[in-house]
Amino acid sequence: MPAYRHARRKANYLPFTIAVCAVIAVIIITVIVIVATSGDEPTHSANTTTTATATTRPADTTAQSTTISTTAATTSGSATGNRTSGSGNAGNSGSGSGAGGAYGSSDNMLYTGSLLTVPASGSVTKTQKEVKYGLQILVNNDYDYDENQPTDHVMMTAFSDRAYKVAYTDLNADRFTLQQFNRMTADYKKIYPNEYLQVCSGYRTIATQRRNFNNSVAADGLEETLKWFSKPGYSEHHTGFSIDFNTNAYGSAAFTGKGNQVWFSKNCHKYGFILRYQADKYDITRINAEPWHFRQVGIPHADYIMKNNLCLEEYIEKIKNYSHDNPLTITPDAGGTYNVYYVKSTGASTVIDLSGYKSYYCSGNNVDGFIITAQK
Ligand SMILES: [Zn+2]
């Protein structure tokens, strides 16, 4: 096409181009507002009559209304909780030695901060249901959370020395997750003593999610609801391994992950946390960027995930390339050397080969097999 015609055509299209740009700008601003105010599964509301109306709706800021009955037993300081076995030394000793470590004599897949001693047989056997249990499970819109697994939840308010405020007195989370979260936030406050931190979400029951979801559907319809809620059973908050910093402005500073808060995305892996939902992984997670949502997966895994810019979905797939005979070796910033590998579930019972290792932890991946973390 001759240059002059090109120029003329450009001129003719100029008003149209301006109009298109204006429309795009409006769309972008709208998207920004929605992203800024949405959540992975905004609990928004216990009073869901107000849901789905406003772009001012803050994510994950409303009351949890969690069922505390399952966690009450652990709040007194007794570490027995509702785990199915174990003497209950849930301390974060990190020793990894001793008979059964913190699990007692049985491997119930509840991670309490120490690897377990490999039995003399050099293997353990896992059941089909245990694919859905453990610290490294993937929970998203494809893979739901099984509430039957052993848990040990602790009230956040049980820690008087915590470095953050809790938005709701009934907030609670997995004990190991909370211990690591407390360490992380305490270290942050040592560096930035004047920074304000508040937490607004931790463990959430499926029943709570279902009630909020159904209320929203009744008020606003399914389509609108799905923009704001994870389906009941499919929220990562069911695991107790996820904690949200406050995101709203109700008497507190928002958590944007910017400014001094960049420290968290740079250092969370040292405490076993990953920044679960990042903008560049939206195509995979289908969750908007959430700078406030941190998920505990264990230190070596978090180290590898954050340093290699993976989301949990990608990591779960990647680990399938590693086996007992060809493990992934991880040497995290926090210390130690770990071998990580995958064992596909073979159905009713799966034998996990641990030969050559002294200590291990076995988690299901919640998809089709097991992730082994082992040390020699
Ligand atoms: Zn969250």
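Some points to look at:
- Potential lengthening between R210 and K266 on full extension [0.36 nm per residue; Cα-Cα distance subtracted]: 16.7 nm
- Amide H partners (placed H, <5 Å) of K165, local residues excluded: L197, Q198, V199
- Fewest-first sequence of H238, H293 by Cβ atoms within 10 Å of each Cβ: H238, H293
- Surrounding net charge for K132, when Lys and Arg each add one and Asp and Glu each subtract one, Cβ distance under 9 Å: -2
- Per-residue Cβ neighbour counts within 10 Å put F370, F273 in the sequence F370, F273, beginning with the fewest.
- If the chain linking T157 and T127 were pulled fully straight, counting 0.36 nm for each residue of separation and taking away their Cα-Cα distance, it would gain 7.2 nm.
- Cα-based equivalent ellipsoid of segment 227-345: semi-axis lengths in Å, sorted from largest, via gyration tensor: 27, 18, 12
- A crude spin-label estimate for the pair Y192 and K307, with each label 7 Å from Cα along the Cβ direction, gives 2.4 nm.
- Pairs from K190/K258; K281/K358; K165/K307; K129/K320 whose Cα-Cα separation, in the structure shown, is over 27 Å: K281/K358; K165/K307
Values in this text are rule-based calculations from the coordinates and carry no lab data. All values derive from a computational prediction rather than experimental measurement. Using ideal geometry, Cβ is built from the backbone for each residue, glycine included, and neighbour counts are taken over all protein chains shown.
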